[in-house]
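We did not get these values from a lab; they are worked out from the coordinates using the rules stated. Since the model is a prediction, treat every value here as computed from it, not as a measurement. Glycine gets a Cβ as well: all are built from the backbone with ideal geometry, and neighbour counts include every protein chain shown.
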Amino acid sequence: MSRDIEAGASRVRFRATGFNPRANPLAAWGSFVVVIALWQLGSSTGFISELAMPSPVAVASALWKLIISGDLWRHLSASLQRLFGGWIIGTVAGLAVGFLVGMFSWARSPGVAMVSALFPIPKIALLPLFIIWFGIGEPSKFATIAFGVFFPTVINTFGGVDNVARNLIRMGQSFDMPMMSIVRKIILPGALPTILSGFRISSSIAIILLIAAEMIGAQYGIGAFILAAGNLYQTDQLIAGVVVLSLLGLCVSWLLGRLDRWLLAWR
Amino acid sequence: MSRDIEAGASRVRFRATGFNPRANPLAAWGSFVVVIALWQLGSSTGFISELAMPSPVAVASALWKLIISGDLWRHLSASLQRLFGGWIIGTVAGLAVGFLVGMFSWARSPGVAMVSALFPIPKIALLPLFIIWFGIGEPSKFATIAFGVFFPTVINTFGGVDNVARNLIRMGQSFDMPMMSIVRKIILPGALPTILSGFRISSSIAIILLIAAEMIGAQYGIGAFILAAGNLYQTDQLIAGVVVLSLLGLCVSWLLGRLDRWLLAWR
Amino acid sequence: AAEKINIASLAFVSSAPLFIAQEKGYFADEDLDAEITFFQAAQPVAVAIASNDADFGVTAFTGGFFNLAAKGGLRVIGAQLHEDAGYDGSAILASNAAFEAGLTSVDQLPGHSIAISQVGSSFHYMVGNIADKAGFEIDSIEMKPLQSVPNMIGALKSGQVDSMIIVPHIAKPLAASGAGHIIGWVKDYVPYQVGGLFTSQRNIDERRDVVAKFVRAYQKGVADYRAALLMTDEAGKLIESDSTAEILEIVHKYVYAEEDAKTAYPKIRNGAMFITEEARLNVADVAAQVKWYQAGGFVDASVDPASFIDTSFIPALAE
Amino acid sequence: MGSGGFVCDFKVMDFAMRLHINGICHSYDQVEALRDIEFGIEPGEIVALIGPSGCGKSTLLSIIGGLLKPTSGKVLMCDQATPDGCLNPLTYVFQDFALLPWRTVAGNISLVLEDHPLGKAEREARIAEVLAQTNLADFAGAYPKQLSGGMKQRVGIARALAVRPAVLLMDEPLSALDAQTRILLLDEFAALFVRTGMTAVYVTHNLNEAVRLAHRVVALRRRPGTIKAIHSIDIPIDQRVEGMPELVAHQNALWDLIRDEAIAADKELDHVA
Amino acid sequence: MGSGGFVCDFKVMDFAMRLHINGICHSYDQVEALRDIEFGIEPGEIVALIGPSGCGKSTLLSIIGGLLKPTSGKVLMCDQATPDGCLNPLTYVFQDFALLPWRTVAGNISLVLEDHPLGKAEREARIAEVLAQTNLADFAGAYPKQLSGGMKQRVGIARALAVRPAVLLMDEPLSALDAQTRILLLDEFAALFVRTGMTAVYVTHNLNEAVRLAHRVVALRRRPGTIKAIHSIDIPIDQRVEGMPELVAHQNALWDLIRDEAIAADKELDHVA
Ligand SMILES: Nc1ncnc2c1ncn2[C@@H]1O[C@H](COP(=O)(O)OP(=O)(O)OP(=O)(O)O)[C@@H](O)[C@H]1O
Ligand SMILES: Nc1ncnc2c1ncn2[C@@H]1O[C@H](COP(=O)(O)OP(=O)(O)OP(=O)(O)O)[C@@H](O)[C@H]1O
Ligand SMILES: [Mg+2]
Ligand SMILES: [Mg+2]
């Protein structure tokens, strides 16, 4: 190197540093461990009061009690039925409307207008109406979740249909493919990735709405459990319930990931 | 035409029909008018019971009463303060964290991990904790909204930073631009469109969370008004409140549209 | 075969007559196959009847109840709790901070905040009723709707609200533990018909005999309740009767069931508010309540109490 | 050889022609894209459409194939003379390949046969045949994402050949490829046209491609798109080689024809992509 | 003229050279992209880098300009000989233009000057000067979205010239343009190189561009990328014209050199874009 500089030549300087943050799974898990350890430390030393935030150990033990008492399964099975039922209803209806809006001029503007007007309404505001419409039993819980799932599914589905590359549809038309073939062989698979990614959104909305749904006279269910714990200021149970919801969310997203990989292997 | 066929030649058939739904603002407005008219008809004929769904006229008169009594402004001003304050807090914090996560490897994985773990937690489940942490006054209302706004803002901001075309950053580096110049002149404006579109999401989340925020100790506020109407089964007032929220959402999205057009004139 | 009926209820002492009637077989005696469904809040009990998910219910009167009753075909046929000068009912509590700052009696409430569960709830009405009778404006008190009783207690304990009104079995231990001060009793502002027994118009129209049978069984439960839990000596102090132990055991199966008898029994006794003989309803007070709610805009002006009160099963309470 | 002379020509032969573009005008909302386009295409003839950016080449090709309704005018086609087993007389090859990413190479070809009453055996025979013709036999099971641009366009050609078209309509089929792949495919196109005697309309920006492949080159001018000139190249396609002086001369002649318009198109502000 | 002979050459002249690519090897994770690349670039020389898709041309250019750290080897540069007022000796021109869409043409040029201690007047003078050189003076206030591809690349050139570079590094600067614009810009590049006597490394797939612009053409082979040959073209750049037989001969020679590899690259499965 020194010889180079003597000769009036120097090495070209490397200048593309930074701006390339890398994912590091170890750091991700590490950060969880550190946060939980600090939190436990704060609780143990009394720095964080037990009322303000139960210690991780307290949450774990609440969770453990929930498991061994068998209550967890009772709550979980009640909630899963509602989640699944509501999600299916909302998704089927949303897909149907979404495809209509995506493909037909007559459905487009009215559909988009209605969806944009109704989507932003907070579902929790409508609970009293749902109770009147569907009673206080399971139907109104299904309805709450289905309602929450319906609108994003419509939006995603017609977005997916819109995003099917126009050139592929033109290609189909240029080969005189019949309308139904184009829908089945081009539009449907072309919209699938968007629809599947919409499932992620709608499933997390369903999980969030579980709490609202179980506000309506539910004896069992993770949402009802969280609400009861909140009412009684049993914060350890409350957080245990939230942890269960989060794990539920992770499971659902893992399942959707599998579905993705299976259906979208061509990507 | 017949002459052509006689000569063994025929016109090339047009085959690119359909699959091109067009927006039609008239149909959009028309559909509103039709739905409201049918709804009123249903109510007037008693087909829709007043309890299940108040008639449009009843809703309009509830809204009108709200306006002339001056209550609307009291509720609205209380809510706007909360919305604005909470949104600003959540957005500023979210932008800061989002930029860190977007630009630095050390912040990336822990940040993404924390955000993905905490984002899906239903805020309504945490209300009891917020009450313990922030009391029943305005701070807990700000906190609820800020909390809801924070996570999507982080995700959007780092998504925006990630999406700044790498080639533009490489260009900056290839011209030996200093790091701060690249951040200021390339990354910031490049991430701006995504950040602004994130504002639409976070503002609608803020509006949805208004109801949750005003569940606790709010005498005035649109959310409190809707909750009270729900409790009293005054469905006409409930729907009037929902209409006010929707209009609020429309106003915010119009304002954001102006901001977009002003800041992103180059697009 | 026994007629099936579905009863909507809360797991509170206020529903004790139902539990007694069920456990002592009074429903069965009337050839009724009763099933009790529990709800977490008062409002859904009313909705359950309105939507025909249940046949009978007992719950407190609220603005929402009256609106629903008028629009949803509910019929009030009897009484639930009643504030009576002779028995402890709901108490008015002041927080320690407010008490020390001078909130020592009810007429000093103006300028202070008070926790209620929801706008138009019975708590809201009680504040209004007290304000009326004590002679101050309800607007001079700052209402804090906190959605739930635990939130109200938490806010009072931490001094975030100055006062609240709460049922005796919560008020007494709170005061005893030094978490607040009782500065008055709602019973001093009577009359107050706290809640009612109700069914749907459809049941009255289509199954009048079943309603009558249910009412008879319920009244037997009320009689047992009064005999066991409302017996007083000459000084007006509550005393134990022969049946007290038996009834406490029955009620304990439904209320505070997860606690042991030693802690639960005193709570049940504390919570056992007055119920009128034969569950007679104070119709005039209900009308007065409706009027108050209407004046505040919480109940639609078109609501007429006469349209949802049916005294043909149980005569109204005499003035 | 101006367009006027040509118009005269075909008026005489009229319906002996395969394809007849008859007084086509087209406007998009405000923009007048094409005006009075009139020419004929003989059986077995390769016609190149050239012109600067935005002159309406793609618009015209879409109209010819029935994918766009012209504002006025019509495209006529002689029916009797379609080849045996022809399923889609006017068949496109696309610039961006337009392959379904969720279907294999064979599946993409099968796609355009499935809606026709062919037996499974015949369909598979056709697929195998076109795969062999385009040297894709080894790639039948591959997905588009695994293929280079050149291979993708070969699949596009194979798919087009599978329906035994009367006329191939190609919109800049090579412009998405890198220069070397373009040379390779250009040779294959020339060989294909020579072997099959296919009729084709070939849109391109690249004058080199035009002079290598076309019997006649139709040059359009911009705003509105009208025919500036029709240029015939008499050398048989199989005798043309890269850098051959005659071809260079033709290419330079074409460049002189459209150079000014190309400069104007380039300099235009508020460019519409 | 193989690389061996050339390596001998520069060993003798060594540091009289502007740029010296010294034993560069580079691997991405598993993929070995470049191995033992060694050549020198004289002042005022235009070197074209050609080779099939994925042979490592872009990788090498990034290494030369300091945008990528080679796994081993180094790039040396003679400092004393940078031009007056040079702010960035090694300056890129990008295939995709890399213009900031939120800045005007002048703003995009200003961008690369703002971080240097130039007075406002000098900065504006430089901007005006390069805009004039690239015939963009009328477009100073236009935004990139308003410009055609050709104009955008002219802005890219103007921006590069504004820093008075010692060496221009160009990665397929014309491949995103349509064929006609490419011809127009190719002529402008040639004129620019002749006028300024600029040193440049020019990556391209297009052999026609290579033979029009380069003094020497470095051909790479694939997997791992090594130098296959270095081909000199002795005709002065300002005397080269399109279709000139000597150039056609050079072009054919280069094509023969890389044709087999281009075919192999094209046929490769699991293509990495
Ligand atoms: N869908 C459309 N709506 C409005 N204008 C259009 C549309 N498509 C094309 N145009 C306009 O019509 C004119 C012709 O477009 P066309 O795409 O046919 O040109 P082209 O010759 O194929 O251009 P290129 O060489 O860039 O592919 C252009 O000015 C274009 O802006
Ligand atoms: N970031 C990267 N990570 C991993 N492999 C890469 C990366 N960039 C390039 N490669 C691989 O390195 C090899 C050389 O790539 P490079 O882009 O330099 O080739 P190229 O000659 O520029 O190709 P092209 O002509 O297609 O532009 C290729 O095989 C490519 O797949
Ligand atoms: Mg085109
Ligand atoms: Mg490259």
Has region E:56-78 got at least one residue that is more than 27 Å from E:Ala265 (Cα to Cα) and among the hydroxyl-bearing types (Ser, Thr, Tyr)? no
Looking at region A:111-123, can you tell me whether even one residue there is more than 24 Å from B:Leu26 (Cα to Cα), at the interface with another protein chain (Cβ under 9 Å from one of its Cβ atoms) and crowded, with 19+ Cβ neighbours inside 10 Å? yes
Taking the stated definitions as given, is D:Val167 hydrophobic (A, V, I, L, M, F, W, C), buried (at least 18 other Cβ atoms within 10 Å of the Cβ) and touching an Asp or Glu at 6+ places or on another chain (Cβ under 6 Å)? no
Say we look at region D:176-205 and pick out the residues that are away from ligand 2 (no atom under 16 Å from the Cβ), surrounded by 23 or more Cβ atoms within 10 Å (Cβ to Cβ) and polar (S, T, N, Q); which of these is nearest to the other protein chains (Cβ to nearest Cβ)? D:Thr204
Kindly evaluate D:Ala191 against the criterion of being farther than 30 Å from A:Leu264 by Cα and either among the charged types (D, E, K, R) or in contact with a strand residue (DSSP E or B) (Cβ under 6 Å, 6 or more places away or on another chain) (or both). no
Suppose the filter is within 16 Å of ligand 1 (Cβ to nearest atom), touching a residue at least 60 places away in the same chain (Cβ under 8 Å) and of a type in the set (A, V, I, L, M, F, W, C); does E:Ala262 pass it? no
Residues of region C:27-59 being surrounded by fewer than 24 Cβ atoms within 10 Å (Cβ to Cβ) and of a type in the set (Phe, Trp, Tyr), in sequence order, are C:Phe38, C:Phe39
Within region D:45-58, work out how many residues are buried (at least 24 other Cβ atoms within 10 Å of the Cβ) and either near ligand 3 (Cβ under 10 Å from one of its atoms) or of a type outside the set (A, V, I, L, M) (or both). 6
Name the single residue, out of those in region D:229-273 being surrounded by 18 or more Cβ atoms within 10 Å (Cβ to Cβ), part of a loop (DSSP other than H, G, I, E, B) and within 16 Å of ligand 3 (Cβ to nearest atom), that is farthest from the other protein chains (Cβ to nearest Cβ). D:Glu268
Going through region D:76-96 one residue at a time, which ones are within 16 Å of ligand 1 (Cβ to nearest atom) and either more than 8 Å from every other protein chain (Cβ to nearest Cβ) or free of Cβ contacts under 8 Å to residues at least 12 places away in the same chain (or both)? D:Val93, D:Gln95
Looking only at region E:166-181, which residues are touching a residue at least 12 places away in the same chain (Cβ under 8 Å) and either part of a loop (DSSP other than H, G, I, E, B) or more than 12 Å from the chain's Cα centre (by Cα) (or both)? E:Ala166, E:Glu172, E:Pro173, E:Leu174, E:Ser175, E:Ala176, E:Leu177, E:Asp178, E:Thr181
Taking the conditions exactly as written (crowded, with 20+ Cβ neighbours inside 10 Å, in a helix (DSSP H, G or I) and not polar (S, T, N, Q)), does A:Leu100 satisfy them or not? no
Condition set of a type in the set (Gly, Ala, Ser) and within 16 Å of ligand 4 (Cβ to nearest atom), scope region E:59-107, selection surrounded by the fewest Cβ atoms within 10 Å (Cβ to Cβ): answer is E:Ser62
If we ask which residues in region A:56-69 are under 27 Å from the mean Cα position of the chain (by Cα) and of a type outside the set (Phe, Trp, Tyr), their number turns out to be 7
Any residue that is more than 13 Å from the chain's Cα centre (by Cα) and under 22 Å from E:Asp178 (Cα atoms) - is there at least one of those in region D:155-165? no
Determine, yes or no, whether A:Ala62 is facing chain B (nearest Cβ under 8 Å), small (Gly, Ala, Ser) and closer than 30 Å to A:Glu214 by Cα. no
Does any residue in region D:210-226 that is without any contact (Cβ under 8 Å) to a residue 24 or more places away in the chain come within less than 7 Å, Cβ to Cβ, of a residue that is within 16 Å of ligand 2 (Cβ to nearest atom) six or more places away or on a different chain, and which pairs are these? none
Counting only residues that are small (Gly, Ala, Ser) and more than 10 Å from chain E (Cβ to nearest Cβ), how many does region D:142-175 have? 5
Among the residues of region C:117-151, how many are more than 10 Å from chain B (Cβ to nearest Cβ), closer than 21 Å to C:Gly89 by Cβ and not in a loop (DSSP other than H, G, I, E, B)? 14
Going through region E:35-75 in order, the residues found to be within 14 Å of chain A (Cβ to nearest Cβ) and either under 11 Å from the mean Cα position of the chain (by Cα) or within 10 Å of ligand 2 (Cβ to nearest atom) (or both) are E:Ser58, E:Thr59, E:Leu60, E:Leu61, E:Ser62, E:Ile63, E:Ile64, E:Gly65, E:Leu68
What single numbered condition from (1) out of contact with any Lys or Arg (no Cβ under 7 Å at 6 or more places or on another chain); (2) assigned to a helix (DSSP H, G or I) fails to hold for A:Pro120? (2)
Within region C:58-89, the residues that are within 13 Å of chain B (Cβ to nearest Cβ) and more than 19 Å from C:Pro191 (Cβ to Cβ) are C:Gly64, C:Asn67, C:Leu68, C:Ala69, C:Ala70, C:Lys71, C:Gly72, C:Gly73, C:Leu74
Residue among A:Ser246, A:Ser197, A:Ser204 that is surrounded by fewer than 22 Cβ atoms within 10 Å (Cβ to Cβ) and more than 11 Å from every other protein chain (Cβ to nearest Cβ): A:Ser197
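Okay, residues lined up against (1) in contact with a Gly (Cβ under 8 Å, 6 or more places away or on another chain); (2) closer than 30 Å to A:Pro189 by Cβ:
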| site | (1), (2) |
| --- | --- |
| A:Ala113 | no, yes |
| A:Ala117 | no, no |
| A:Ile121 | no, no |
| A:Ile155 | yes, yes |
Can you find even one residue in region E:127-141 that is in contact with a Ser or Thr (Cβ under 6 Å, 6 or more places away or on another chain), within 14 Å of chain B (Cβ to nearest Cβ), more than 16 Å from ligand 3 (Cβ to nearest atom) and within 26 Å of D:Ala264 (Cβ to Cβ)? yes
The lone exception for B:Ser181 - which of (1) farther than 28 Å from B:Leu255 by Cβ; (2) away from chain A (no Cβ under 12 Å); (3) part of a loop (DSSP other than H, G, I, E, B) it fails: (3)
Please give the number of the condition A:Gly159 fails out of (1) in a helix (DSSP H, G or I); (2) crowded, with 21+ Cβ neighbours inside 10 Å. (2)
Spot the failing condition for A:Ile136; the list is (1) outside any helix (DSSP H, G or I); (2) more than 24 Å from C:Phe39 (Cα to Cα), and only one is missed. (2)
